[in-house]
Amino acid sequence: MPSAQDIKQRIEAAIPGAHAEVEDYTGGGDHFSATVTADAFDGLSRVQQHRLVYEVFGSEIGGPIHALALKTLLPSKIPTP
Amino acid sequence: MSTSQFEPLPMSASQPPGAPVSSDESNPIHDAIAGAIAEHKVILFMKGTPEAPACGFSARTVAALQSLDTPFAAVDVLPDPRIRQELTAISDWPTIPQLFVDGELLGGCDIVTEMYESGELAEALR
């Protein structure tokens, strides 16, 4: 069962320059929420940004990883309320 | 809610019992999903129905659409696992719900919620 730390490391290893904050929000090792900041998102739509992160986990999403809530940000951008 | 319309895809009708096994070039579920996406300006693939969502993420997405008074078609992916398989093959998106606007994937629950909160969703649905 992956930990929040595992998820964070895999995202940061797969997406160059990415920084991820990951929370296991049920504590069960299968529902995670991640905020990922990366230059690689520049010029991509939100759908494309989320796809980049989902691709790290392939078929594990919907399998062992039941949910991965995502928020993607560009390093220069402060999230708007 | 009165703003939503639930339209089940004709899955069972497209493959009557005893029908010949479909070959690779004939995929009625794939075609029904692609057709539904093309036909409806706003269509949500979800777990459960707008009246009875079967998942918190689907419920949140429905709530965003309903609070904008957006008419939308909805398809429940739960009755047949092939619906989700074919949908994911079409959209290249692994999770449910999935919201399509004008034939394009707008996003899943996170993106729809983010766009709702920023006011972008109302713009996109206009």
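Counting only residues that are within 13 Å of chain B (Cβ to nearest Cβ), give me the strands (runs of 3 or more DSSP E) lying completely in the stretch A:9-81 with at least 2 of them. Walk me through how you get there before you give the answer.
Numbers: elements: A:19-24, A:31-37, A:67-73.
The strands (runs of 3 or more DSSP E) meeting that bar are A:31-37, A:67-73.
Among the residues of the stretch B:60-85, how many are closer than 21 Å to A:R46 by Cβ and within 14 Å of chain A (Cβ to nearest Cβ)?
The qualifying residues number 2.
Answer yes if at least one residue in the stretch B:111-122 is under 21 Å from A:E55 (Cα atoms) and touching a helix residue (DSSP H, G or I) at 6+ places or on another chain (Cβ under 6 Å), and no otherwise.
Taking every residue of the stretch B:111-122 in turn, at least one turns out to be under 21 Å from A:E55 (Cα atoms) and touching a helix residue (DSSP H, G or I) at 6+ places or on another chain (Cβ under 6 Å).
Please specify each residue of the stretch B:86-99 satisfying the condition of being among the hydrophobic types (A, V, I, L, M, F, W, C) and within 11 Å of another protein chain (Cβ to nearest Cβ).
B:W93, B:I96, B:L99
Being modelled with pLDDT under 95 and under 19 Å from B:L106 (Cβ atoms), is that true of even one residue in the stretch A:46-57? Don't jump to the end; show me each part of the working.
Here is the first cut: in the stretch A:46-57, the residues modelled with pLDDT under 95 are none.
Looking for residues that are modelled with pLDDT under 95 and under 19 Å from B:L106 (Cβ atoms), one finds none in the stretch A:46-57, hence no.
The values are calculated or read from the model by the stated rules, or taken from the named source; none is laboratory data. All values derive from a computational prediction rather than experimental measurement. With ideal geometry, Cβ positions are generated from the backbone for all residues, glycine too; neighbour counts draw on all protein chains shown.
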